[in-house]
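Colleague: Sending over a structure as structure tokens; questions will come in a sec.
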């Protein structure tokens, strides 16, 4: 293996994931550096380590910016291909929110009211997620948006969101994908409540293969899948794509993820 280095953001990874990552990397003899990033500034909180070979960064989008500014390669995989509206356009009916509308934050409540959607699902369009996606009653959404406006927490003129009618969900799964291969999958929720189970049924793995064949936002990524519940039955749909550099592991196999991702980068360099 090349002189690969993994840089882990010590102030952005939960303790369990940080411990399992560190253990897996140490077992494989891969160099590990830990770095803090100043929140919102995307600046390192301490001097950068000297890295001459390839690098994989794991943490927030801020860490990826630090890594790229330092010239570390490949650092990671993110960008507009992960945006909800862009991915949904490629996935069509495979996407959970295939009827979603993209708009500025200041416009989303009006769109939902005009379409008669209530309750509604709202999330940032960008994979970097200024806020987590959430289901709202329309009046609650309007109050929340007014609070954001009053506190000037975000610039409504710049940030895009997507809004869609809420869908009842059953089980949800997360899959890590490297070079079109599902390397580890687990269930992480059921009916909106945390419910972690290793692995996934065969039909879920088959659906993920369909999704990969239809659209992949990057060579390495994470995709979340959910089963919808309605009077017509249950169907599988794509919730979203996430950067493999920041997605939580739940009960996915950290060691396999580290092995496959490191081997992929090793082949590149």
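Colleague: Let me spell it out: the conditions are (1) crowded, with 19+ Cβ neighbours inside 10 Å; (2) part of a helix (DSSP H, G or I); (3) touching a helix residue (DSSP H, G or I) at 6+ places or on another chain (Cβ under 9 Å), and residue 240 meets all of them except one. Which number is the exception?
Modeller: Status for residue 240: all satisfied but (2).
Colleague: Okay, moving on. Would you pick out the residues in region 182-236 that are without any contact (Cβ under 8 Å) to a residue 60 or more places away in the chain, assigned to a loop (DSSP other than H, G, I, E, B) and crowded, with 17+ Cβ neighbours inside 10 Å?
Modeller: 200, 216, listed by residue number.
Colleague: Step by step: first the residues of region 111-127, then only those that are surrounded by fewer than 17 Cβ atoms within 10 Å (Cβ to Cβ) and in contact with a helix residue (DSSP H, G or I) (Cβ under 9 Å, 6 or more places away or on another chain), then the one that is farthest from residue 223 (Cα to Cα). Which residue is that?
Modeller: 113
Colleague: Which pairs turn up if I take residues in region 48-69 that are over 18 Å from residue 265 (Cα atoms) and in the same structural domain as residue 221 (by TED's automatic domain parsing) and look for partners that are surrounded by fewer than 24 Cβ atoms within 10 Å (Cβ to Cβ) and modelled with pLDDT under 95 with beta carbon separation below 8 Å, at least 6 apart in sequence or on another chain?
Modeller: As it stands, the answer is none, since no pair meets every condition given.
Colleague: Does residue 257 qualify as being in contact with a strand residue (DSSP E or B) (Cβ under 6 Å, 6 or more places away or on another chain), not assigned by TED's automatic domain parsing to the domain that holds residue 119 and not in a strand (DSSP E or B)?
Modeller: In short, yes.
Colleague: Right, something else. In a loop (DSSP other than H, G, I, E, B), closer than 29 Å to residue 9 by Cα, in contact (Cβ under 8 Å) with a residue 24 or more places away in the chain and touching a strand residue (DSSP E or B) at 6+ places or on another chain (Cβ under 9 Å) - does that describe any residue in region 160-177?
Modeller: no
Colleague: Scanning for something in contact (Cβ under 8 Å) with a residue 60 or more places away in the chain and at negative phi, does region 140-158 turn up at least one residue?
Modeller: No, the conditions are met nowhere in region 140-158.
Colleague: Would you check if there is a residue in region 130-149 being surrounded by 20 or more Cβ atoms within 10 Å (Cβ to Cβ) and either in a strand (DSSP E or B) or modelled with pLDDT of 95 or more (or both)?
Modeller: Yes - at least one qualifying residue is present in region 130-149.
The values are calculated or read from the model by the stated rules, or taken from the named source; none is laboratory data. All values reported here derive from a predicted model rather than from experimental measurement. Neighbour counts run over all protein chains shown; Cβ positions are idealised from the backbone, glycine included.
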